[in-house]
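Read-outs throughout are calculated quantities, based only on the coordinates presented, and are distinct from any laboratory measurement. Everything numeric here is computed off the predicted structure, so don't read it as measured data. Note: ideal-geometry Cβ built from the backbone for every residue, glycine included; neighbour counts use all protein chains shown.
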Amino acid sequence: MPTVRPKLERGSVVLAVDLSALRIATATPLVVEFGGVLTPALGGPIQRIDRVGSRWAFAFETPVMDVEPDGRRWAARLARAKREGALIAIPQPDLDIGNPGAPTVATNIASGKLVPLAGLIPGYRVQEGQWVSLIVGGHRYADQVTGDAVAGADGSATIRIQNLLRAPLVGGEVVEIAEPKVEGSLEGQFSWSLDNRRETSFGFTVTEDA
């Protein structure tokens, strides 16, 4: 059962703890797959099943930092995020994101993997493997683009994402391209070390709730 947390209205700040200012040494995307492969017992063709609900998790590691003051402050925020949920930027090292404009969902769409966009800078290229996040009802859904898409003169383009849409889109939802974020729960027990060198670091995994 996914964790349920109250959200503010679309376009406002969510109530998850924002960890985007935390320095990250490594980030490892993890596929959370609810589909699968059906292999017939009698030798028929394999069937690949894609189900709504497949999502992402990210395992983050921070660099070593001094316990005072940074370690103390981030320990408190991460402990709070364990209870309230986390929001954190998705690193994209060396990717030249540029200025995408102010992209939004162009029209209503109930399901599928194609997302029509409006509000892009004409000629802007959304690149294969680039991360985006959609804000739907105050909640973010992160996903990865599976192919290049170039905005036309009217600022429109259609991107294809890895997972089936997890919430219907009515049009006008904000699409974060300049700084996509993942939102979800901290997995497992959260802990950190305090050693005699007065240094610490953090490792944690954020898994999308929906």
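At 7 Å along Cα-to-Cβ for each site, give me the label-to-label distance between residue 128 and residue 52 in nm.
2.9 nm
Apply the Karplus curve 6.51 cos²θ - 1.76 cosθ + 1.60, θ = phi - 60°, to the phi angles in segment 178-192 and return the couplings in whole Hz, x for Gly and Pro.
In residue order, the calculated couplings are 5, 8, x, 10, 10, 10, x, 9, 6, 7, x, 7, 9, 8, 8 Hz.
Convert each backbone phi in segment 102-115 into a coupling constant with the Karplus relation 6.51 cos²θ - 1.76 cosθ + 1.60 (shift: θ = phi - 60°), then list the ³J(HN,Hα) values in order as whole Hz, x for Gly and Pro.
Computed from phi, the couplings for segment 102-115 are 10, x, 9, 6, 7, 7, 6, 8, 8, 6, x, 10, 9, 10 Hz.
Amide H of residue 170 versus every other amide H placed in the peptide plane: which residues, excluding those fewer than 5 positions away on the same chain, fall under 5 Å?
Those lying under 5 Å, H to H, from residue 170 are 109.
Specify, per residue and in Å³, the volume enclosed by the convex hull of the alpha carbon atoms belonging to segment 80-152.
Convex hull volume per residue, Cα atoms: 127 Å³.
By per-residue mean of other Cβ atoms within 10 Å, what is the highest-first order of 191-204, 35-48, 94-107?
Ranked from most to least packed, the peptides come out as 94-107, 191-204, 35-48.
Provide the gained length on full extension for the span residue 102 to residue 25, in nm with one decimal, where the gain is 0.36 nm per separating residue minus the Cα-Cα distance.
Working: separation 77, 0.36 × 77 = 27.72 nm, distance 2.89 nm.
Between residue 102 and residue 25, full extension yields 24.8 nm more.
Nothing charged except the Cβ atoms of Lys and Arg (+1) and of Asp and Glu (-1): what's the magnitude of the dipole of segment 94-185 about its Cα centre? Round to the nearest 20 debye.
Here segment 94-185 has a charge dipole of around 300 debye.
Taking only Cα atoms, what is the 0 to 90° angle, nearest 10, from helix 72-84's long axis to the longest principal axis of the chain?
The answer is roughly 50 degrees.
Multiply the residue separation of residue 146 and residue 196 by 0.36 nm, subtract the distance between their alpha-carbon atoms, and state the gained length in nm to one decimal.
13.3 nm
Per residue of segment 42-53, what does 6.51 cos²θ - 1.76 cosθ + 1.60 with θ = phi - 60° give for ³J(HN,Hα)? Whole Hz please, x for Gly and Pro, Karplus curve as stated.
In residue order, the calculated couplings are 9, x, x, x, 5, 10, 9, 10, 10, 10, 5, x Hz.
Got a sec? How would 164, 22, 15 order by Cβ neighbour count within 10 Å, fewest to most?
15, 164, 22
With +1 on the Cβ of every Lys and Arg and -1 on the Cβ of every Asp and Glu, and nothing else charged, how large is the dipole of segment 143-184 about its Cα centre, in debye rounded to the nearest 20?
So the dipole magnitude of segment 143-184 works out to roughly 160 debye.
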